[in-house]
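The values are calculated or read from the model by the stated rules, or taken from the named source; none is laboratory data. Owing to the predicted nature of the structure, the values given are computational and were not obtained by experimental measurement. So basically every Cβ, Gly included, is an ideal-geometry build from the backbone, and we count neighbours across all protein chains shown. The protein model used for the area step is the full one, side chains on, heavy atoms only, and it has no ligands, DNA or RNA in it. Shrake-Rupley method; radii C 1.70, N 1.55, O 1.52, S 1.80 Å.
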Amino acid sequence: MSTLPAWDDQMEALKGVADELLATWRPEGATEAEVQDMNKLALSILACGYLCHVYTDTHRPVFMPLWNFACNQGGPDPDYIYLSAEIDGTGTYELTGRRGTNRFVEITQSGPEMMTSLKGHERRMRFQAITNELDELTIADDGTFRVLLSAVRPDGYDGDWWPLNPEAGKLLMRKCACDWNNELDAQVAINRLDEPGEDMSAAEIARRFSQMGDWIKGMITFDMELVRYYEEHHGINVLTRSQWIQQGGGLATKQAYYDGIHRIGDDEALIVEFPVPDPCRYWQILVADDRFATVDWVNRQSSLNDVQARIDPDGWFRAVVSKQDPGVHNWLDKADWPWGILQARFYQADSYPEATVSKVAVADVLTHLPAGTPTLTLEERAAQLRHRRTGAQLRRIW
């Protein structure tokens, strides 16, 4: 008789996961819509867990979809395609593929642990992450590349090589595109070279499957706690340099994060302003809910980057965060969420600006913006959103 859990056993272990999350998210009680939204989020993180934890392993790694518009956790940057592969830091791996035309493609070595809670997570954030990017490599005329990763450079090998932290357990890939409709996403394959690989054992499959409840709760709880950290330490209706995520090793060595809380009524708006750094390899801004799920960026303009945004003649970026459409080009749609995260990032900039945030009535937005601020008709807004929706679908998220 089998000692491993059957399907019904695994399903039983998942019971109560969403209820626990709801008790944390809405301790005073959730509406029917909020219950279903949390169920949907939990289901998406279960799918993410299968792809990134149950399916792939260190012996036969594959870059699998991590965060995207269907698995919307951790405040995904809509310009990034996130993928993850499990690795053994003592192994030897080969990455091959085609560079594409993305703004940049980064691969960060991270620790092996699953997220559980913000509390006590600082040790993992201090993991000595190493971040490399494809543009460091020798790219052939046809766009192809090859690089080896290992703790020690292989004897006699004189090709591209990246040192691998022996304590690493995962590779996180981020493909950045700003012109979603025209940039071509990089293609990257991974193979382990120091062993032939083997099928995952039945016991290991069962063990990983059994961790899915903790995977879901850990991922979502971590982000709900992070939002509340920003509420406590950054304040309301502000956008300031992050006091926490900058500890993130390889995740933050090249870019500065700004975070704050947005909390406004349906007839109110926030005007966000900052001078755009020059030079700056990439910048963007987004709005997310109070679980750090980025507002639906396929169907709503909940983010803007340095291609999508319009910069005023004085070199400043000015945007309006609101539920109601204020009729300006740089609108950040917060949807129906009463509060949540406002986040910006600046990548490889020589200086980092101070941002100002002002609360005004939606009806008065144009009086607080420079004369000549571009406005859109209903038809122009529909075309803008259709272009955005098309571009989001053209990205290679799967």
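Residues in segment 326-372 that are part of a loop (DSSP other than H, G, I, E, B), polar (S, T, N, Q) and open to solvent by 30 Å² or more (accessible area, probe 1.4 Å): Ser351 only.
Of all residues in segment 130-148 being among the aliphatic types (A, V, I, L, M) and free of Cβ contacts under 8 Å to residues at least 40 places away in the same chain, which is least open to solvent (accessible area, probe 1.4 Å)?
Once the filter is applied, the top-ranked residue is Leu137.
Can you find a residue that is outside any loop (DSSP other than H, G, I, E, B), touching a strand residue (DSSP E or B) at 6+ places or on another chain (Cβ under 7 Å) and open to solvent by 30 Å² or more (accessible area, probe 1.4 Å) anywhere in segment 18-36?
No, every residue in segment 18-36 fails to be outside any loop (DSSP other than H, G, I, E, B), touching a strand residue (DSSP E or B) at 6+ places or on another chain (Cβ under 7 Å) and open to solvent by 30 Å² or more (accessible area, probe 1.4 Å).
Just to be sure before I move on: is Arg103 under 29 Å from Gly143 (Cβ atoms), open to solvent by 50 Å² or more (accessible area, probe 1.4 Å) and more than 23 Å from the chain's Cα centre (by Cα) in the structure I sent?
no
Among Arg318, Arg389, Arg395, Arg381, which is modelled with pLDDT of 95 or more, crowded, with 19+ Cβ neighbours inside 10 Å and more than 26 Å from Pro277 (Cα to Cα)?
Of Arg318, Arg389, Arg395, Arg381, the one residue that is modelled with pLDDT of 95 or more, crowded, with 19+ Cβ neighbours inside 10 Å and more than 26 Å from Pro277 (Cα to Cα) is Arg395.
Within segment 160-211, the set of residues being free of Cβ contacts under 8 Å to residues at least 24 places away in the same chain and aromatic (Phe, Trp, Tyr) comprises just one member, Trp161. Taking the listed residues Gly340, Gly391, the one that is touching a residue at least 40 places away in the same chain (Cβ under 8 Å) and in contact with a His (Cβ under 9 Å, 6 or more places away or on another chain) is Gly340, with no other qualifying. Scanning segment 333-354 for residues that are of a type in the set (Lys, Arg) and touching a Lys or Arg at 6+ places or on another chain (Cβ under 7 Å) yields one hit, Lys334. Looking at segment 129-149, can you tell me whether even one residue there is over 29 Å from Arg396 (Cα atoms) and modelled with pLDDT under 95? For segment 129-149, residues over 29 Å from Arg396 (Cα atoms) and modelled with pLDDT under 95: absent. Within segment 373-398, being of a type in the set (Val, Ile, Thr) and in a helix (DSSP H, G or I) holds for one residue alone: Thr390. Would you check if there is a residue in segment 74-96 being modelled with pLDDT under 95, in contact with a Phe, Trp or Tyr (Cβ under 7 Å, 6 or more places away or on another chain) and either open to solvent by 10 Å² or more (accessible area, probe 1.4 Å) or not in a loop (DSSP other than H, G, I, E, B) (or both)? Checking segment 74-96: at least one residue is modelled with pLDDT under 95, in contact with a Phe, Trp or Tyr (Cβ under 7 Å, 6 or more places away or on another chain) and either open to solvent by 10 Å² or more (accessible area, probe 1.4 Å) or not in a loop (DSSP other than H, G, I, E, B) (or both).
Among the residues of segment 37-53, the ones that are touching a residue at least 60 places away in the same chain (Cβ under 8 Å) and surrounded by fewer than 20 Cβ atoms within 10 Å (Cβ to Cβ) come to 3 in all.
Are any of the residues in segment 50-70 closer than 23 Å to Asp185 by Cα, part of a strand (DSSP E or B) and touching a Phe, Trp or Tyr at 6+ places or on another chain (Cβ under 9 Å)? Scanning segment 50-70 turns up at least one residue that is closer than 23 Å to Asp185 by Cα, part of a strand (DSSP E or B) and touching a Phe, Trp or Tyr at 6+ places or on another chain (Cβ under 9 Å).
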